[in-house]
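All remarks here apply to the structure that follows.
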Amino acid sequence: MTKRILLITHAIILLVLWVLAFFTDGTGGGGDSITHFFFAQLAWKEPINFFDHWGKPFFTLFASPWAQFGFIGIKFFNIFCGVFSSYLTALIAIRLSKPWPWAITIMAFVAPAYYTFLFSGLTEPFSSLVVVGAVYLCLSGKMGWGLFLASFLPFCRSEAQVFLLFFFVFAVLNKGWKLTPLLLSGYLIYGLVGSLYLESPLWIFEVPYNPTGSVYGHGEWLHYVNMLTHMLGVPFIILAGLGLIQFLRKAFIQGSFKWKSELWLVHGIFFSLLVGHTVVWALGIYGSAGLSRTLITVFPLLWLIMLDGLILLKDTSAKLFAGRSYILPLTIIIIQAGITFTSPVSKYYYNAHLKLNVEDRFINSEIGPFIKEKYPDIRHFVIDKPYLAIGLGINFIDPQERSNWNVYNHLDELTQPSLFIFDQQYITVQYGIELQQVRQEQKLEELHEWTSPSGLKYVLFQKK
């Protein structure tokens, strides 16, 4: 009965979020979200996109059918991934004999941030589904399938390569060492199939993802812990802390902790990501941008830790209130709900991910319609702001439809009719090209200028 209720509950949540996605116009809050969508959309036309490290090959494979329906399609896909992750996590809680598995749903969706990241083209919601799917299979007596699925994690998120170590240890400790070669399946399959397009079965290592140092900078050691406080809310952070206390209590006092499974597949994977991102951000290495969204990949495992905290509250409440085990857990859930529905942090996440910002709305209402009406025959644009591609109805990564502003220094090589859109936010910052400099270029003709509500200039040029 519990599983049936969980399934019905998650089906309702899925439908509600799909309806919300249909009636909101946000793109998930940034250029990466949009660019991942374009990678998936173009993959059927340019199959090499299925093997692009930045695009995340395994994500592109599954997201590409949904992306053919436009950005709404990829939002529907990520919402499905997020809701299904919650459902599988609740089933894992049942497998681990944890009380109150239904509370996983509350932890997933009564928090300021998690559900808002699903309204995007980002790879993290799908990655979290692959993580929790592999863990569920391993704990359900289907270790071979679990290890096989886990082998594709490096093609969802580059940092997920570390997770394979924990699946390996789990398999060895649970008499599955003969199955451990399955953890290489993803590398072998992608290596062989990708060699058809990249000419070498070792392309995975020969064309690595972002091997250089950070172009963003670095920050404090507690950066990601602070981010978790914003993403979860203080009451749920308290639950996470109590969950760690419950872990120590079960491991060293009760002696009931499942150290052959839960230690590696839940705590091990979660803390490997948290600690790993903390280190690379603090040291400013491996291109870290300090993005909070990277933690979404292991949020389902964090929910299991938080559930342990709720169980500790349940046991404590039973002792303090004459068997009324629900008083403390219910109190903290009510406080959390109040914070989520009223706090400025929740409003920020909602507006940032589900609503277009001022600049993008301006592109939709002014720039896109003007260019489509005045220059309907031109299908190649020189732009760097990803949302301009959506406003113009082109694919941002299709070289037949778009070039970046690097071509400004090679104008003679540009033979097709093209429109240049200069925007202060990207061109000046990324290329050091000033508007006055472009206006003095004899090979370009200025056609139109816009000033957005926030004061940024967009200027349209055409090659003479």
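Observations on the model:
- A single member of Y209, Y197 is at pLDDT below 95 and part of a loop (DSSP other than H, G, I, E, B), and it is Y209.
- Among the residues of segment 37-90, the ones that are outside any helix (DSSP H, G or I), touching a Ser or Thr at 6+ places or on another chain (Cβ under 9 Å) and among the aromatic types (F, W, Y) come to 2 in all.
- Residue within segment 376-390 that is among the charged types (D, E, K, R), surrounded by 18 or more Cβ atoms within 10 Å (Cβ to Cβ) and within 25 Å of D25 (Cβ to Cβ) present: yes
- Looking only at residues in segment 448-461 that are touching a strand residue (DSSP E or B) at 6+ places or on another chain (Cβ under 7 Å) and without any contact (Cβ under 8 Å) to a residue 60 or more places away in the chain, the one that is nearest to I378 (Cα to Cα) is F461.
- Residue among I334, I339, I363 that alone is β-branched (V, I, T), at pLDDT 95 or above and out of contact with any helix residue (DSSP H, G or I) (no Cβ under 6 Å at 6 or more places or on another chain): I334
- Complete set of residues in segment 68-103 that are of a type in the set (G, A, S), buried (at least 24 other Cβ atoms within 10 Å of the Cβ) and closer than 28 Å to Y190 by Cα: G82, S85
- Only one of G243, G309, G268 that is part of a helix (DSSP H, G or I) and under 21 Å from A134 (Cα atoms): G268
- The test for being in contact with an Asp or Glu (Cβ under 6 Å, 6 or more places away or on another chain) and of a type in the set (S, T, N, Q) does not hold for T331.
- All positions within segment 306-331 that are in contact with a helix residue (DSSP H, G or I) (Cβ under 7 Å, 6 or more places away or on another chain) and either acidic (D, E) or not assigned by TED's automatic domain parsing to the domain that holds L20 (or both): D308
Quick grid of which residues meet (1) surrounded by 17 or more Cβ atoms within 10 Å (Cβ to Cβ); (2) of a type outside the set (S, T, N, Q); (3) farther than 16 Å from L304 by Cα:
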site	(1), (2), (3)
V169	no, yes, yes
L196	no, yes, yes
F205	no, yes, yes
L228	yes, yes, no
R249	no, yes, no
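- Inclusion of F50 among residues that are closer than 29 Å to N357 by Cα and of a type outside the set (A, V, I, L, M) is not warranted.
The values are calculated or read from the model by the stated rules, or taken from the named source; none is laboratory data. What you see is a predicted model, and the numbers here were worked out from it, not measured in a lab. As a convention, Cβ positions derive from the backbone with ideal geometry for all residues, glycine included, and neighbour counts pool all protein chains shown.
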